[in-house]
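Encoded as structure tokens, the structure appears first; notes follow it.
The values are calculated or read from the model by the stated rules, or taken from the named source; none is laboratory data. In this text, all values refer to a predicted model and were calculated from it rather than measured experimentally. Cβ coordinates were reconstructed from backbone atoms using ideal geometry, including for glycine residues, and neighbour counts include every protein chain displayed.
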Amino acid sequence: MNMRSVIFSALPVHDTCWSITTGKDGKIYVGVCGEMTGGLGVFLVSYDPEKDEVKYILDVAEALHEPPDNGHATHSKIHYCLVPSSDGTLYGATHCTGAPIGDLIWRPWNCWDDSIRMFTGFHIFNFDPKTEEIEDFGVMTPNEGSRCMVLAEKRRKLYGVTYPRDHFYVYDLETNEYRDLGRIGDINPQSIFIDKEENGYTVDDFGFIVKYDADADELVHLDVQLPYAEYRDGTHNLIYDSVPSPDGEAVYGVHWNVDVRRLDNRLFRYDFYDGPQGKIHDLDWAYRPSEAGPAWSDTRRTNNHTGGLVFGEDGYLYYATYFHWKEPNGMYLIRMNVETLEREVICPMEADGLHAWYIAKATRDYLGNLYFASCVSRPTRMFVYSPPYVKEGAVTRKKWPLVRPWG
Amino acid sequence: MIEEEELKKRKWPAPKIPFRFEKLTEEQRILREAYSRIGADYTRDVYVREGKVILRPLGWKGIVKPIPPEECAITSLARDPRGRIFGATSGRRSHLFVYDPDLDYVEEMGVLGQNVCVKHSLVVCSDELLIAGTKSCKPGEALQGQIISCRIDPYSLLEASPVATPVEGEGIAALTIDDSKKTIYGLSTESGTFFTYEVDSGKVQLHGKVDEIGDFSDVLLSGPDGCVYGGKRLGWLYRYNPAEQRIIPLDVQIPSFRGRAMYNKVDSLALDEITGIIYGGSADGVVFSFDPESRQIICLGKPTTARRVRALTVGNDGVVYGVSGDVSGLAHLFRYDPETRDLRDLGVPRAASEQWWHGYEFDAAITGLHGEIYLGEADRISHLFIYFPPIRKCSAYECNEH
């Protein structure tokens, strides 16, 4: 079996890994989050593929002077907001929903004007793995976390989307100016991506593409919409994950359906340069055999999640999908030939006695090993899959950027 | 780097909820179920649960595109005698729209102008005229405010035309109407000059500044006595008496937290047409009532911890509904029942129909013909919210008595 896990056992109560990326140094960086127990702060952890070594490199919340026992909602996560820079550093933004210490649960709406339990607001920071120094750019906006973020490296800007108010922001790394461009929806897209010109893209609640025109410095709501099943009207057509195509001309993405589990879960490709607004291609269900039945008929409301999109060095698009129709239930690794759209089940995402219940995002190393951030286990972990080409030693050159400049 | 040994020595908080797929003892299972129930109630309880909140996009869903983002913040609402709700937006462009409850969708009527704001400045005249007052959207930018009038039927701004420019070089901060006199009362944005506009003759008259140092609220209300009421610096009230054609400072100050009078302002006003009581909300988020006859002002309390009461209206049964919450804040709908004197937060207005949406900011409220409450959302993307208050449980006899 080419599947194994790397367990972050020194953090026994932390329960989710929402962010994962590869640094220029070839190490895998993971935001190890404490979402479901009050009073936990996020840690930045690195994994060195060459040495097979885990290092707990930063207690992020403490480093940002937001200790998790201060009574506020904790800086419990780095959500899809850990991005690598070509200079070898990492940019990150913190996120909320971890409860204050001692509390069972926390939601931003319940504590918005509560000076004690409120979330102080997300920080953006830069971390240099070489020196282990962190530069804290401060609190961006009170009460809100950063759901997803992308680095526009040539423009020296970060674009992101806040939670819960779903505001699009631009952070200028040259001037340290944070700008709130306003609300783009309600439900919160889970991914933001850029094209070659570093225009930003995400979606509204109906899956219509919202473009940040970087030259005009404004948001444009396009008429291009993510696909959805024939019986639906496009409601809750959010994006979960996206990954650039190897040629950079398009992105591949997938729906977010964890809160609406009976929602169809499609893959799509968005071609940036096909027509004035780009073009969406419906690639059909992420993976769903006929025995699974249509998602809308699933009254058990089981998980239909798909995440962890990453291109392998073999040109296949790899991703993880939850199988509720097959024992054992859990996430399975799929790979898709992007030319023929043929899908193939590789294996269950199972190792060390745990079958993954939820895979967030994925990355890969210079050798072509694939890494999948896993959520909902204590201690939390990532799964590592080594495609056959790794053993064959087919990948010899260190290509940068490896995966994507977004979280 | 943090050594693993150091992390292992740390005392971590104990998880309260085991994961569902973990092997649980009976005690853990019971605990998990109990916590799940508490959690579910916690997440729902923040939203309005008494009555029902729905919304309508600013355009017939599935047929047309709604009024675009950055142009759709609803900053004025008005109702005509037939129960149709008219609204004006502010932003890159200002739009007029109408919501006819019989048709149950919003229809855009047209564009008033670019970078125009129509805030607290939309009135309906019984001659089937809709009248709007404009100002600049950008604070400090001089834009000649206009009174714009258009026929309500048909819903079209084709006939909309500027009919007056009340104060040279200034915008219009607020309008109100005394329909019986066919007179519109207004305030200018910079100097706070009070003016009147006679609908039939088109005559404009200026009546001086409402505040000597130009510190005033952008709110006006036609009172039950034919006078017009407003607020000035330190939360003092004034009125304009049409019979005397002059502004009269009142010896009445809205309630303020100690030491904060300098920051205090009337934020919103609403009239109970049956009792003649005026209700108001302040910049500090305090709700008050004012009896124009006795000139008594009563502090009714503060429904939430948030600042401001940006929207206020009186329901058909005399219950007051308002929205607390500052710019970039979190709106809460509240109600004040004059009978029980109960001032209560109802929660965050969140709609699931016609779409799932949290309402964070509101700048306008008005009561519908049948007692439904319309709330004008004022965000980058905005909707017309409709709140249906709950019907009290009582016998038909008791209800009719009531």
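Being more than 16 Å from A:I280 (Cα to Cα) and of a type in the set (G, A, S) is the filter; apply it to the range A:202-239 and report the residue that is surrounded by the most Cβ atoms within 10 Å (Cβ to Cβ). Show your work before the answer.
We begin by selecting, within the range A:202-239, every residue more than 16 Å from A:I280 (Cα to Cα); these are A:205, A:212-220, A:231-233, A:235-236.
Filter again for of a type in the set (G, A, S), leaving A:214, A:216.
Numbers: A:A214: 19, A:A216: 10.
Out of the qualifying residues, it is A:A214.
On the given criteria, is B:E159 of a type in the set (D, E, K, R) and either modelled with pLDDT under 95 or crowded, with 16+ Cβ neighbours inside 10 Å (or both)?
It is true that B:E159 is of a type in the set (D, E, K, R) and either modelled with pLDDT under 95 or crowded, with 16+ Cβ neighbours inside 10 Å (or both).
Just to be sure, is B:V46 facing another protein chain (nearest Cβ under 9 Å), surrounded by 15 or more Cβ atoms within 10 Å (Cβ to Cβ) and not charged (D, E, K, R)?
Details: facing another protein chain (nearest Cβ under 9 Å): yes; surrounded by 15 or more Cβ atoms within 10 Å (Cβ to Cβ): yes; not charged (D, E, K, R): yes.
In short, yes.
Scanning the range B:197-228 for residues that are closer than 16 Å to B:N264 by Cβ and assigned to a strand (DSSP E or B), which turns out farthest from the chain's Cα centre (by Cα)?
Of everything passing the filter in the range B:197-228, B:F216 is farthest from the chain's Cα centre (by Cα).
Out of B:G51, B:G59, which single residue is at positive phi, surrounded by 15 or more Cβ atoms within 10 Å (Cβ to Cβ) and away from chain A (no Cβ under 14 Å)?
On the way: B:G59 fails: away from chain A (no Cβ under 14 Å).
Exactly one of B:G51, B:G59 is at positive phi, surrounded by 15 or more Cβ atoms within 10 Å (Cβ to Cβ) and away from chain A (no Cβ under 14 Å), namely B:G51.
With a cut-off of at least 3 residues that are more than 18 Å from A:G308 (Cβ to Cβ), name the strands (runs of 3 or more DSSP E) lying wholly within the range A:235-289. Please lay out each step first, then the result.
Working: elements: A:239-244, A:250-255, A:266-271, A:279-285.
So the answer is A:279-285.
Name the residues in the range B:299-357 that are assigned to a strand (DSSP E or B) and either polar (S, T, N, Q) or at pLDDT below 95 (or both), would you?
Pass one, the range B:299-357, residues assigned to a strand (DSSP E or B): B:299-301, B:309-314, B:320-324, B:332-337, B:342-348, B:350-351, B:357.
Matches in the range B:299-357: B:T313, B:S324.
Between B:H332, B:H370, B:H358, which is touching a residue at least 12 places away in the same chain (Cβ under 8 Å) and touching an Asp or Glu at 6+ places or on another chain (Cβ under 9 Å)?
On the way: B:H370 fails: touching an Asp or Glu at 6+ places or on another chain (Cβ under 9 Å); B:H358 fails: touching a residue at least 12 places away in the same chain (Cβ under 8 Å).
The match here is B:H332.
Enumerate the strands (runs of 3 or more DSSP E) found wholly within the range A:117-205, keeping only those where 1 or more residues are within 14 Å of another protein chain (Cβ to nearest Cβ) and under 17 Å from A:L90 (Cα atoms).
On the way: elements: A:123-128, A:133-139, A:145-152, A:157-163, A:167-172, A:177-183, A:200-203.
Answer list for the range A:117-205: A:123-128, A:133-139.
Would you mind finding the one in B:S256, B:S268, B:S191 that is hydroxyl-bearing (S, T, Y) and either within 23 Å of B:L77 (Cβ to Cβ) or outside any loop (DSSP other than H, G, I, E, B) (or both)? So that I can check it myself, show each step before the final result.
Working: B:S256 fails: either within 23 Å of B:L77 (Cβ to Cβ) or outside any loop (DSSP other than H, G, I, E, B) (or both); B:S191 fails: either within 23 Å of B:L77 (Cβ to Cβ) or outside any loop (DSSP other than H, G, I, E, B) (or both).
Only one candidate qualifies: B:S268.
How many residues are out of contact with any Pro (no Cβ under 8 Å at 6 or more places or on another chain), away from chain A (no Cβ under 14 Å) and surrounded by 22 or more Cβ atoms within 10 Å (Cβ to Cβ) if we restrict to the range B:90-107?
5
Could you pull out every one of the strands (runs of 3 or more DSSP E) wholly within the range A:1-95 that has 1 or more residues that are more than 14 Å from chain B (Cβ to nearest Cβ)?
Working: elements: A:3-7, A:16-22, A:28-33, A:43-48, A:53-59, A:82-84, A:90-93.
Result: A:3-7, A:16-22, A:28-33, A:82-84, A:90-93.
Please work out if A:D215 is over 21 Å from A:Y159 (Cα atoms) and in a loop (DSSP other than H, G, I, E, B).
Working: over 21 Å from A:Y159 (Cα atoms): no; in a loop (DSSP other than H, G, I, E, B): yes.
So A:D215 does not fit the description; no.
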